[in-house]
1. So how exposed is A:LYS10, as accessible area in Å² (1.4 Å probe, rounded to 10)?
2. So, in Å, what gap is there between the alpha-carbon centers of the range B:52-126 and the range A:1-70?
3. Quick check: pseudo-label points 7 Å beyond the Cα along Cα→Cβ at B:ILE93 and B:VAL23, how many nm apart are they?
4. Taking square-rooted eigenvalues a ≥ b ≥ c of the alpha carbon gyration tensor, is chain B rounded, prolate or oblate, where a/c under 1.5 means rounded and, failing that, a/b exceeding b/c means prolate?
5. Given a 1.4 angstrom probe, what's the average accessible area per residue across the protein assembly as shown, in square angstrom?
6. If you fit an axis through the alpha-carbon atoms of helix A:110-123 and take the longest principal axis of the Cα set of chain A, what angle between them do you get, 0 to 90°, nearest 10?
7. Please say if the range A:26-70 is rounded, prolate or oblate, where rounded means a/c under 1.5 for a ≥ b ≥ c the square roots of the C-alpha gyration tensor eigenvalues, and otherwise the choice is prolate for a/b larger than b/c and oblate otherwise?
8. Rounding to the nearest 20 debye, state how big the charge dipole of the protein assembly as shown is about its Cα centre with +1 on each Lys and Arg Cβ and -1 on each Asp and Glu Cβ.
Amino acid sequence: MSIEIRNLRKIFGGFVALDNIDLAIKEGELVALLGLSGSGKTTLLRIIAGLEAPDAGSIHFRGADAGSLSVRDRRIGFVFQHYALFRHMTVFENVAFGLRVQPRGSRPSESAIRAKVHELLRMVQLDFMAHRYPSQLSGGQRQRVALARTLAIEPRILLLDEPFGSLDARVRQELRRWLRRLHRQLGITCVFVTHDQDEALELADRVVVMNAGRIEQIGSPEDVYHHPANAFVASFLGNVNLFHGRIEDGRVYLGNTSLEVGAANGSVASASGRAMLYVRPHLLEIDRVSAGPGSFPATVKSVNAAGPQVRIELVAEWGDPVSVDLGHDRFTTLELAPGAKVFLSPKENRVFVYEA
Amino acid sequence: MKRVHAIPGFGLTLGITVAYLSVIVLIPLSTIFFKTAAIGIHEFFAVVAAPRTLAACRLSFFAATIAAIINSAFGVAVAWTLVRYDFPMRGAIDAMVDLPFALPTSVAGIILTALYAGNGWIGRWLTPFGVKVAFAPAGVVVALTFVGLPFVVRTLQPVLEDLDPELEEAAATLGASRLQAFTRVTLPALLPAILAGFTLAFARAIGEYGSVVFISGNLPMRTEVLPLLIMSKLEQFDYAGAAAIAMVTLLISAVLLFAANVLQRWSARRLTA
């Protein structure tokens, strides 16, 4: 089901939790709300579910105003961050809950409920746990029970609040892949909240980057990563080196170095004033000798070679810390050790002017 | 297996526990058995099976059960209101719950008698309907309800504060009505605490003397509870008879409390296993 949010505003006793939110989610889309805690992403999710009422603005489901719909009438599945499983019920009864509370007229028969619950439990690979209690399950299993319980009511939209937040890294990876597959299978509109950029970039069709109650950017993972709309998005998504300097005549001045404003920045090149320059660690070329006017000197501080790439921490000529990621091959050729003097040349940069 | 504790002192604290409980509870209670043993088995049964004793026993346990049930039902409502809502005077109302703890029960008994007597503020409205509270079994229930109120509320409050409101929200998103969410999700989670509160209120009511003595009128066979019967035996210097009744009371209470404890553990086990 499509969701259309217009001009939404929510205030909690003087604190503006959401301001001027406009968001349209297409049928069957998998959307991530990405932001730090306190950015309003969970509040937005709760308003969509009807667990919170907005102070202004409207929500439409498939074009129909949902403002007056109660939580139970919305038929929106909500998976809570801490699962909110019913501890006094078995896994089976937890999943059956949404079916058992239906009004007598539309409630499925006991045998239909049984069949449906077992089908869902098989889907989340927990059928053999049907008679256990939630306290006897691991975090990942609880998460899957919570999902099965939500899917039992055949929700029109699935909302997930930090779905993998409290799981360890391996389980998280597994569940991510599993959720992606499930979404493709069911084709249901999904919105999930996360503070983990990797999760958002890996899972979502579209990412909504939120900050301080506002939407900073909406776009595909490639879009928000490669073409950040502003300084916040650039620094929030992925690792990034941030340098403060001045922009003039299409060049950014940092200490004794000046770098040409990259082509991707468009009209920013003609601005002048204080500016921030962003370079991703993997977009910095590292050399023993100067590679020309686009490069600047730096000193190696530490090296971490544990991982698919080697992470090198340096200090730029003007004193700012710099991180560089490079391949193991290149690292071996360069023979870098702490104290080594090198030259860095950005292959690409993003410049944001914050004071004209 | 030997476990290392950050704070040592198991031996010391166990010693204190055992010594303290012996002096305060065990030794005084054991004298009941010695006193009872002083009379023969025939005399014991003659005292215990006397119609007056049986009537008092019935009234005591019946009235205590009714009072504990009433307190459980309304205690849930009071605790719920105090925990879930913020309203003016909440602090004052919260403090009021403890009044039955603090007030001398004889004062409570006198007040309740004055209110519920045939010409009292409340009693006069009940008399036309033929309802008699003071000097009737109903009066005993009223007094026992009064003294038991704090137990259920105070047992439930911390549990309710811990209860995640997300559980009710989850129930609502799954299509449950408010009533369904309460009866199927909230109430079962509260059940162990309600049982614990019920047990405490019940135990308190079995032993209550001060308030009942005024409102019940102490009519043998009709409104006499066990503590009153024991007291009247003592006044007639029938120490052995008093001890025999005390022992029976103690045994029945112990069995009921044990049963309630088992039930409470059983209902709590699933939540924490």
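The values are calculated or read from the model by the stated rules, or taken from the named source; none is laboratory data. Treat the numbers as computed from the prediction; the structure is a model and nothing was measured. Backbone-built Cβ (ideal geometry, glycine too); neighbour counts: all protein chains shown. Please note that ligands, DNA and RNA were not included when accessible areas were found on the heavy atoms of the full protein model with its side chains. Shrake-Rupley method; radii C 1.70, N 1.55, O 1.52, S 1.80 Å.
1. 20
2. Taking the Cα centre of each part, the range B:52-126 and the range A:1-70 sit 47 Å apart.
3. In this crude spin-label approximation the distance works out to 4.3 nm.
4. oblate
5. Here the per-residue accessible area is 49 Å².
6. Here the helix axis deviates by roughly 20 degrees.
7. Oblate.
8. It comes to approximately 2120 debye.
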